[in-house]
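Structure, as structure tokens:
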Amino acid sequence: MAVNYLLSASAAAAMLLTPLAAISFAGGTIPDRAASASGTVIEMVELAAGAVIYPLPGEFLIDGRPAAAPVAGHEIPHAIAIMKYQVSYAGYQRCVDAGACKPADAPPAAEPEMAPVTGVNYLDAQAYAAWFSRETGGDWRLPTAAEWAYAAAERFTGESYSAVASDPDNPAVAWIRRYEEEAAARRKPDAKAHPRGHFGPNTNGIEDLAGNIWEWTSTCYMRTTFDGVSGAVVHETENCGVRVAEGRHRSYMSDFIRDGVSGGCAVGTPPDNLGFRLVRDTRRSVPERLMDLLRGTIFRDRIF
Amino acid sequence: MFTRRQALIGVAAAAMLAAMPPLAAAANEAEIALLPREKVALVAPPFVHAHEQVATTGPKLVEFTMTIEEKPVVIDDEGTVLHSMSFNGSIPGPMMVVHEGDYVELTLINPDTNSLPHNIDFHAATGALGGGALTFISPGEQVKLRFKATRSGTFVYHCAPEGMIAWHVVSGMSGTIMVLPREGLKNEKGESITYDKVYYIGENEFYIPRDEDGNFKSYESHGDSYAETMEAMRGLIPTHVVFNGAKGALTGDNAMTAKVGETVLFVHSQANRDTRPHLIGGHGDYVWEEGKFANPPAKDLETWFIRGGSAGAAMYTFLQPGIYAYVNHNLIEATELGAAAHVVVEGDWNDDLMKQIEAPGPIPMN
């Protein structure tokens, strides 16, 4: 496991990619035109390499019967930088204006620079990541479900509802239990997106996780069947037309769905809104990190 | 004031009465005064007040009271507000149950906190526009109407003020009365059939105006909402089609419940627009599509048709546990506009009726 040289006490450090300096803390360059046409900075949070233990996404069967998702450790082998805020409406609109993204369905919730973009599907998020990478010369992508869980830390929920078939002879027992769990968890809908920062930071300093915008991840839906005796995987079927969206609870959304409420799962509480943030890998040597630290003392905007 | 239509209806009714053998000789006031009186407290839908299925006594006079409420209500999970008008504060208005030959005596109250005049038209009643011509009351007034329940079946009632009928109805002013045969319900062979519980599903459609951005508008008052609501209504495309007054009103904690082996009577009422109830995973064992119990029920229906302006009834004995969806099987209206309810049914699973023989897995390769 790699050590975060900058912050031994904390798992994460927040950084600014400042267009003024055209220097990316994470090693790439962020030209002015990409980071912002209006001088907005893209703030990043660096997460050290490590591991996350979380319930795996997907559906699981043991001997053909629904089972709880196995809780497993997942290594995050290298440090990653994740956007401190969800991609803004204004940021997304620059991709639209460049002809590389389709217009978002939802109008901005606030002043466009401060409003997270919503009404975007997985394919839109992918298009934005590709455009943003081209513009900045970086390698930006959606986080995997594991990376999202790692970044979300105490805000991570995963599955809220159990899938276990508690009575092998009566599937309705599990259906009714899950239905009642969902009914109990039903909350006042909060369909209107809020300006960024509304839900505050988590302990990693990442804002608005698990608020009322679910975030696309790159992880595909997968059904896994285990052998009941050996526990070995009997078969796995991946469906990448459905991706994992993480937020207040985990949901599986078809990649073309922009409105979680109407396009939501047949059962379960649907996401209020769909948005995203991007990550990039940061592999930094010790000298590079020392240089980063030095630069950091120059740019007073920098946040730790 | 008599309209031409009313006069014609009156003539037709008189002709029918002349042609019909006297069902029960017209009672005079003195005879009616001797009838036992029963005061029934109405309950909010989807529940129905306690009642006998087979009448154990002779005809009665059954007293009901309803207070009309005008109030803003939230009709979906986005917080869209309808300036509602309703009988007794619920959409739909509560269901009344009496037996054929009983007299219904309704006290209708229009409190002075309301802003509009109202009345009531019972499809189960004969004459005076279903009572509408005798029950027109302004805020601050009440009226008492008595009518004889001469025909059995499920019938709609609704507000019908001249010139504003449609607006009052699509603002929530409709409900149902069920007039049971004195000997109870019968199947197609004339054998008695009974239900263990009854659920009353009132379906309403709403027409909420939108602003330039496509968002639903809200208004200060009924008056403010009138012009644009009428415009939306004339388009005939509802923005909401809901059960029990709001999207999701009969789901989650408020879902209907039953047990395997229980027989449930679902009464479905729609005062304004055609609909087609369907119980996903179940059936209608006995269905009175038109709701009129003098006709034999249809059997084993998958979906039944409720004409706008009528109420129908479907009886079903649950055979399998699980979560059933009770929907308007125009599935766009069910999933997008709100016409879906749930029934949580507990009990033992029956492998003979259904079993998953092979769990989902890869397609075998040869």
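Here, each number is a calculation from the coordinates, and none is a lab measurement. Every value quoted in this text rests on a predicted model; they were computed, and no experiment measured them. Glycine also receives a Cβ, built like all others from the backbone with ideal geometry; neighbour counts cover every protein chain displayed.
Taking other C-beta atoms within 10 angstrom as a stand-in for reagent exposure, A:MET114, B:MET96 fall in the order A:MET114, B:MET96, fewest first. Inter-chain neighbour count for B:350-363: the average number of beta-carbon atoms from partner chains within 10 Å of each residue's beta-carbon is 3. Pairwise Cα distances in the range B:251-366 exceed 23 Å in 37 percent of cases.
Going by average Cβ density within 10 Å per residue, which order do the peptides A:162-172, A:124-134 take, highest to lowest? Don't skip to the end; give the middle numbers.
Values: A:162-172: 15.5, A:124-134: 20.8.
Per-residue mean Cβ counts within 10 Å order the peptides as A:124-134, A:162-172.
For the range A:180-233, what does the alpha-carbon gyration tensor say about shape, rounded, prolate or oblate, given a ≥ b ≥ c as the root eigenvalues, a/c under 1.5 as rounded, and a/b over b/c as prolate?
Since a/c reaches 1.5 and a/b is larger than b/c, the shape of the range A:180-233 is classed as prolate.
Computed on the range B:74-172, the Cα convex hull volume stands at 101 Å³ per residue.
Centre-to-centre separation between the Cα atoms of the range B:177-196 and those of the range B:231-277: 24 Å.
Which peptide among B:255-261, B:28-34, B:151-157 comes first, and what is the full order, when sorted by highest mean count of other Cβ atoms within 10 Å? Kindly include the intermediate steps, with their values, before the conclusion.
Details: B:255-261: 17.3, B:28-34: 9.3, B:151-157: 24.9.
Highest mean packing first, the order is B:151-157, B:255-261, B:28-34.
At 222 nm, what helix-only mean residue ellipticity would chain B give, in deg cm²/dmol to the nearest 500, using -39500 (n - 2.57) for each DSSP H run of four or more? Present the calculation step by step, with values, prior to reporting the outcome.
Details: 5 runs with 46 residues, N = 366.
That calculation yields -3500 deg cm²/dmol at 222 nm.
Of all DSSP beta bridges confined to the range B:51-170, the antiparallel ones make up roughly 75%. Based on alpha-carbon atoms, the Kirkwood radius and the radius of gyration of the range B:25-76 give Rg/Rh equal to 1.13. Note on B:320-326: average number of Cβ atoms from other chains within 10 Å of each residue's Cβ is 4.
What are the semi-axes of the equivalent ellipsoid for the range A:158-252, taken as the square roots of 5 times the Cα gyration tensor eigenvalues, largest first, in whole Å? Provide the component values of the computation, followed by the final result.
Details: eigenvalues 190, 77, 28 Å².
One finds semi-axes of 31, 20, 12 Å for the range A:158-252.
Just to be sure I follow: if Rg is taken over the C-alpha atoms of the range A:52-165 and Rh is the Kirkwood radius over the same atoms, what is Rg/Rh? Mind dumping the intermediate values first?
Numbers: Rg = 17.4 Å, Rh = 16.4 Å.
For the range A:52-165, the value is 1.06.
Take the residue pairs B:LYS39/B:LYS217; B:LYS71/B:LYS299; B:LYS259/B:LYS292; B:LYS144/B:LYS186; B:LYS148/B:LYS189 and return only those whose Cα atoms are more than 31 Å apart. In this structure, B:LYS39/B:LYS217; B:LYS71/B:LYS299; B:LYS144/B:LYS186 lie more than 31 Å apart at Cα.
State, to one decimal in nm², a quarter of the convex hull surface area for the C-alpha atoms of chain B, i.e. the direction-averaged projected area. Display every interim value, and only then the final one.
On the way: hull surface 94.3 nm².
Directional mean of the projected Cα hull area for chain B stands at 23.6 nm².
Taking the DSSP beta bridges with both ends in chain B, the antiparallel portion is around 70 percent. For the range B:54-167, relative contact order (Cα pairs under 8 Å, six or more residues apart, normalised by length) works out to 25 percent.
Considering all projection directions equally, how large on average is the shadow of the alpha-carbon convex hull of the range B:214-287, in square nanometres? Walk me through the numbers before you get to the answer.
Working: hull surface 30.7 nm².
Projected area, direction-averaged: 7.7 nm².
Hand me the trypsin sites (Lys or Arg not before Pro) from the range B:212-253 located in a DSSP loop with no more than 16 other Cβ atoms within 10 Å, in residue order please. Those satisfying the criteria are B:LYS217.
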